[in-house]
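Before any comments, here is the structure.
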Amino acid sequence: MTVTSPPAAALHAPPGTAAPPPRRRRLGYERRRAAWLMLTPALIHLTWWIGVPVLATFVLAFTHYDVLAGTISWVGLDNFTEIFADETWNLSILHTVVYTFFTVPVAMAIAVVIAVLLNTKLRARAWYRAAFFLPHITATVAIALVWMWMFEPNVGLFNAVLSMAGLNGPAWLSDPDYAMAAVIVVSVWKGIGLKMLIYLAALQSIPPETYEAADLDGASAPRRFWSITLPLLKPATFFVFVVSMIDAFQVFDQVYVLTPDGGPANATTVMTFEIYKTAFSEFRISTACAQSLVLFAFLLVLTVISRRMTGKDDDAR
């Protein structure tokens, strides 16, 4: 009498469960293989164009790489000591913090108000939504050129309006006292559209019954906004805040076009502009990599802090 042993899959199956049939196992294997085949191009692109440059940045930041001679040598923390001894780099950090401090909260506040207004029953609100979102999808260079004309001291729009009121307008982009303010105004105007769209999507996900109950309790419109709308917008606010902070710390286009060479007396130089100038104008690749790591550290710390401050309620839920 011969004893037949059970299949290998049955030996490893949990007690009380039957092993999957061979056809189902083969189908699962084919689906996994197909998934990996479809993911392979994206994984290759991610590894080659993002993973390798990030790894190279971390390595080169601790070396001295002469791009012209093709030589490389290990220097440890010397690059970081060099950049923090550079007054222009320290000034760029200050300007980036100032730019972020004024750009992010102002644009977020305006975007919330516009989203609330455009979430009401308003005639042609689709056109208004498109108009507010249009600057976000318009090329930054084109926007900067239009604003350069508006800021022009002799024939610009702003100084023309000020002259009607009997005031002499400044040279906005050439005056160190006004150059950063001009860049901030342009950035706030351009960044409102995307923030508004995110807030509008979040507002439309709030159940109407919540506002109906507040109306029955006699809550006024400001009371509904502060007690219902803003608390329910907290997840969207966290997302907008983090994305806006990262975008603000990486600002480059507006500064490069509106105020070439970092503005008058380095009045608008920011961290990304200094990284660009160090790498592609001075060809100090290792120093630029060290500056990039400092920028990365800033973004990482700000993201963690904002998560602790804004997202703790979400974690509790």
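The values are calculated or read from the model by the stated rules, or taken from the named source; none is laboratory data. In this text the structure is predicted, and so the values were computed from the model without any measurement. Cβ sites come from the backbone with ideal geometry, for glycine too, and all protein chains shown count toward neighbours. Note: accessible area is taken over every heavy atom of the protein model, side chains too, but ligands, DNA and RNA are not part of it. Shrake-Rupley method; radii C 1.70, N 1.55, O 1.52, S 1.80 Å.
Tabulated results
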{"read-out": "Qualifying residue in segment 251-268 (condition: modelled with pLDDT of 85 or more and in contact with a His (Cβ under 7 Å, 6 or more places away or on another chain))", "value": "yes"}
{"read-out": "From Ala201, Ala213, residue being surrounded by fewer than 22 Cβ atoms within 10 Å (Cβ to Cβ), among the hydrophobic types (A, V, I, L, M, F, W, C) and over 23 Å from Ile137 (Cα atoms)", "value": "Ala213"}
{"read-out": "Within segment 193-224, considering residues that are hydroxyl-bearing (Ser, Thr, Tyr) and in contact with a Leu (Cβ under 8 Å, 6 or more places away or on another chain), the one modelled with the highest pLDDT", "value": "Tyr199"}
{"read-out": "Total residues in segment 144-185, condition part of a helix (DSSP H, G or I), among the β-branched types (Val, Ile, Thr) and more than 15 Å from Gly263 (Cα to Cα)", "value": "3"}
{"read-out": "Selection from segment 251-285 of residues that are within 18 Å of Ala139 (Cα to Cα) and hydroxyl-bearing (Ser, Thr, Tyr)", "value": "Tyr256, Thr259"}
{"read-out": "Selected residue (only one of Leu68, Leu55 is under 24 Å from the mean Cα position of the chain (by Cα) and open to solvent by 70 Å² or more (accessible area, probe 1.4 Å))", "value": "Leu55"}
{"read-out": "Odd one out for Leu162 among (1) more than 15 Å from Val251 (Cα to Cα); (2) open to solvent by less than 30 Å² (accessible area, probe 1.4 Å)", "value": "(2)"}
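Conditions tested, residue by residue: (1) buried (at least 18 other Cβ atoms within 10 Å of the Cβ); (2) over 21 Å from the mean Cα position of the chain (by Cα); (3) polar (S, T, N, Q).
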residue: Glu82; (1), (2), (3): no, yes, no
residue: Trp89; (1), (2), (3): yes, yes, no
residue: Val97; (1), (2), (3): no, no, no
residue: Ala109; (1), (2), (3): no, no, no
residue: Ala115; (1), (2), (3): yes, no, no
residue: Leu118; (1), (2), (3): yes, yes, no
residue: Tyr128; (1), (2), (3): no, yes, no
